[in-house]
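Colleague: Following this message is one structure expressed as structure tokens.
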Amino acid sequence: MTVRRLGAGLVAAALITPALAACASGTGTGTAGSTPSPTVSASGTASPSGAPVAGDAKQALLDSTKEISNGNFRFTLAGAGSTAEGLVHQPSQSAAMKIAIGGPSADLAMKLDVVHFKPDSWVKLELSGPTADSLPAIKQLNLGKYQHLDQNRIKGNRNLGFDFEKVDPAGSAVLTQGITEVRSTGTGAYAGTIDVTKAAEAGSLNAATIAALGTQAKTVPFTAKVDPQGRLSELVLQLPAAGQTAAQEVKMTYSDYGAATAAQKPPADQVVEAPAELYSLFN
């Protein structure tokens, strides 16, 4: 079992990794939203059945992601029985994330507390379930302390590293570029469909999951909300069932733009150097 891209796209990819989803399968509910105003194409042109609408809904969503690139916000991610929350604070070149993958009935459940404070990174693991109990190499990673990561060993490693040039954990800017149809459903609210075939590049979905969706990947329903300043506050993907994977919802939220605080380095007495087994687990 592997965990993919625990870095700038840390949680988003891990949430939908098929192996983890198999350990903690989830189902999604909900609809793509109501339609009080006419559907518009990705270019913002009204459909033949609707009158022209004011503004360009897709452009509004594209613009809503710009503030994310400034790297000062809090975020949450949820999907496939997994949750995550964290902050990115570019002014101090730091980030912190807490992730929970799988539940009490999972073969392998994992909790991670990850801290990046350039040039250092630490991860604290809590692994449980039959798989963790049966594999000593995994079980011994339950050290109860933060494991300091050797930057030379994680350089370029999308599992453990963090790229402060790409600070969005879900790649919302790339995702919104894939919008194929969108409509306004109210003040600051949108719904439509999105082509998620580039979502692996964004860090939002695992490539295998996208492949399993087949042609459905081109028209995944989504809803989105922006705050009063026009900044993205919520993006929800409604993934249809594909293969052995049930339909599921992937939800991302953003808040505290410009008001996040620096991550906190773990206390020195709570830090040990990461063993080789840790790097093997995430490679």
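Colleague: Past 30 Å, Cα to Cα, is the threshold; run K218/K265; K66/K155; K58/K265; K66/K218; K198/K225; K145/K225 against it and keep the listed order.
Modeller: Going by Cα-Cα distance, K218/K265; K58/K265; K145/K225 fall outside the 30 Å limit.
Colleague: Tell me which residues come under 5 Å, amide H to amide H, from L205 once H is placed; ignore anything under 5 positions away on its chain.
Modeller: Correct list: A200.
Colleague: For the modelled label position 7 Å from the Cα of N152 along Cα-to-Cβ, which residues of the range 98-119 have backbone nitrogen atoms closer than 17 Å?
Modeller: Only 119 fall inside the zone, counting backbone N under 17 Å.
Colleague: Using the Cβ atoms and a cut-off under 11 Å, what net charge is assigned to the surroundings of T223, where Lys and Arg are +1 and Asp and Glu are -1?
Modeller: It works out to a net charge of +1.
Colleague: Would you mind counting up the charge near E181? Only other residues with Cβ under 14 Å from its Cβ, with Lys and Arg at +1 and Asp and Glu at -1.
Modeller: Here the count lands on +1.
A short reminder: the numbers here are calculations on the coordinates, not readings from a lab. All values reported here derive from a predicted model rather than from experimental measurement. Cβ: placed from backbone, ideal geometry, glycine included. Neighbour counts: every protein chain shown.
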